[in-house]
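*Asks:* Take this structure first; my questions come after.
The values are calculated or read from the model by the stated rules, or taken from the named source; none is laboratory data. This is a predicted model, so every value here is computed, not measured. Note: ideal-geometry Cβ built from the backbone for every residue, glycine included; neighbour counts use all protein chains shown. For accessibility, only protein heavy atoms count, side chains too; no ligands or nucleic acids. Shrake-Rupley method; radii C 1.70, N 1.55, O 1.52, S 1.80 Å.
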Amino acid sequence: MSWVYRKLIRPVLFTNDAEVIHGRTIHKLAWLSRHERLCRAANIFLGAPELPVELFGLRFPNPVGLAAGMDKNAEAVPAWAALGFGFSELGGVTWHAQPGNPRPRIFRAIPEQAIVNRMGFNNEGAEELAGKLTKWRSLKLWPQHPVGINLGKSKITTLGEAAEDYRRSFCVLRDLADFFVVNVSSPNTPNLLQLQDKSALDEILAALQANNQPGKPILVKVAPDLTFEALDEILELVGPRNIAGLVATNTTIARPPTADPRVARAYSETGGLSGRPLRARSTEVIRHLHRQTKGRLPIIGVGGVFNAEDAWEKITAGAALVQVYTGMVYEGPGLAKTIVQGLRARLSSQGFGRLSQAVGCQAN
Ligand SMILES: Cc1cc2nc3c(=O)[nH]c(=O)nc-3n(C[C@H](O)[C@H](O)[C@H](O)COP(=O)(O)O)c2cc1C
């Protein structure tokens, strides 16, 4: 599948604007999602073997998840399980519906297998998302894997009002998903990154936990550009605010040097960089977080995962689960299956019975 995608399908897709292709793909997956039998058929070809993980009181059929941003408006919720993912993170969603930044706002750096994006949380708003999730549930098409929601801040909301903006979204969505991710690390909403400051983040988490009677796991997604000291400050909130885990990492505002003019053009765009060039830094952040927490805090590793080796690197550095976004764009819809198969092979060759035994085994 991945050879066919890379050699035949991807070159055609890449002749078009990235967001147009993304829209068409989601449209097709939304159609697939409404047809249970087709989902089952897709799963026969693309479904991943079992590699179960127990975390946050949830059972993940395998550790490879869909990263936030791919399905911002929950248009294809059943499709992600059909494509073999062990969990999915929908959104980012904000309290207010908003159009995001002007287009174009996604740029491919093909020779580096990277993407620069400045979407700016384009989404239909939390109430609309709640309606979509309710619909998938009532149609009995809800996937057999944990579903998370990525919460962002509306652009029109000031930093001072941020906690209330997150709280409102959380309250309407609270009963509709299995876990929540507080996203304070997108570079594409003005000043959002400042909410990673300990006191600002503390206020947001306090507002959510005060309304979290069901005890849903609440995670925090961090930027790869934070210093280790800044990450350590966030870790100080884990106990007091009952943070269930961290998602490491979001896209980076850094740009590696490049001599390739096509890459330089994409890199010159404002926005967050994802894909291959992010891999090493995101793994470094995971390793640091794992060491600092002595492996006690679950970490979802994301950034430049394109194959089983990349996923293994993140898991052995300390990630209990991994996610992919840009890898799917470059490797195609068979990616989750390929990664899970590769992880299973690595586990048995190393003599591990469960994935949890590999988590952080090379963190030091
Ligand atoms: C087009 C695009 C949109 C994204 N939107 C979001 C988002 O809404 N919320 C979020 O937390 N991360 C978002 N991300 C970041 C991804 O979830 C992920 O953290 C990042 O891309 C690194 O993983 P990757 O290298 O596998 O793409 C987005 C990424 C891309 C490329």
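*Asks:* Within the accessible area of the stretch 1-74, what % is carbon and sulfur when the probe is 1.4 Å and the other protein chains stay in place? Each step should come with its number before you reach the end.
*Replies:* Details: 2540 of 4120 Å².
About 62 percent, which is the carbon plus sulfur part of the accessible surface.
*Asks:* Something else: How big is the dipole moment of the stretch 305-364 about its Cα centre under a simple scheme where the beta carbon of each Lys and Arg is +1, that of each Asp and Glu is -1, and everything else is neutral? Debye, nearest 20, please. If you can, show how the numbers build up before the last one.
*Replies:* Numbers: 5 positive and 4 negative charges, 48 e Å.
I would put it at about 240 debye.
*Asks:* What longest region of the chain stays clear of trypsin sites (Lys or Arg not before Pro) that DSSP places outside H, G, I, E and B and that have at most 13 other Cβ atoms within 10 Å? Before the final figure, lay out the partial values.
*Replies:* Working: sites that count: 140, 294, 296, 354.
Answer - 141-293.
*Asks:* Express in Å², to the nearest 10, the accessible area of residue 172 obtained by rolling a 1.4 Å probe over the protein heavy atoms while all chains stay in place.
*Replies:* 50 Å²
*Asks:* Moving to a separate point now. Who wins for biggest fluctuation among 201, 66, 335 in a Gaussian network model of the chain, springs between alpha carbons below 10 Å?
*Replies:* So, out of 201, 66, 335, the one fluctuating most is 201.
*Asks:* Continuing with this model, one more query. Write down the percent of antiparallel bridges among all DSSP beta bridges whose residues are both part of the chain, to the nearest 5.
*Replies:* 30 percent
*Asks:* Quick check on the chain: take the gyration tensor over C-alpha atoms, sort the square-rooted eigenvalues as a ≥ b ≥ c, and tell me if it's rounded (a/c under 1.5), prolate or oblate.
*Replies:* Working: a/c = 1.14, a/b = 1.11, b/c = 1.03.
Note, shape of the chain comes out rounded.
*Asks:* Probe 1.4 Å, all protein chains in place: accessible area of residue 312 in Å², nearest 10?
*Replies:* It works out to around 30 Å².
*Asks:* Classify the stretch 45-164 as rounded, prolate or oblate from the Cα gyration tensor: take a ≥ b ≥ c as the square roots of its eigenvalues, call it rounded if a/c is under 1.5, otherwise prolate when a/b beats b/c and oblate if not.
*Replies:* Here the stretch 45-164 falls in the oblate category.
*Asks:* Can you tell me which lysines have their Cα less than 21 Å from the Cα of residue 337? Leave out same-chain residues fewer than eight positions away.
*Replies:* Reachable lysines: 7, 28, 314.
*Asks:* May I pose another question? Of the accessible area of the stretch 316-364, with the probe set at 1.4 angstrom, what percent is carbon plus sulfur?
*Replies:* Here it works out to 45 percent.
*Asks:* Same structure again: Quote the accessible area belonging to residue 238 in square angstrom, nearest 10, computed with a 1.4 Å probe and with ligands, DNA and RNA left uncounted.
*Replies:* Residue 238 exposes around 30 Å² with every protein chain in place.
*Asks:* Now a separate question. Which lysines have a Cα less than 22 Å from the Cα of residue 153, not counting those fewer than 8 places away in the same chain?
*Replies:* 72, 132, 198, 216, 221
*Asks:* Accessible area per residue of the chain at 1.4 Å probe, in Å²?
*Replies:* Values: 15100 Å² over 364 residues.
It amounts to 41 Å² per residue over the chain.
*Asks:* Considering only protein heavy atoms and a 1.4 Å probe, what is the carbon-and-sulfur percentage of the accessible area of the stretch 75-136?
*Replies:* Carbon and sulfur: 52 percent of the exposed surface of the stretch 75-136.
*Asks:* With n ≥ 4 as the cut-off for DSSP H runs, can you work out [θ] at 222 nm for the chain, using -39500 (n - 2.57) per run divided by the number of residues, rounded to the nearest 500?
*Replies:* Details: 13 runs with 134 residues, N = 364.
Per the formula, -11000 deg cm²/dmol.
*Asks:* Oh, and also: Magnitude of the Cβ-charge dipole of the chain, K/R +1 and D/E -1, about the Cα centre, nearest 20 debye?
*Replies:* For the chain, the charge dipole is close to 1040 debye.
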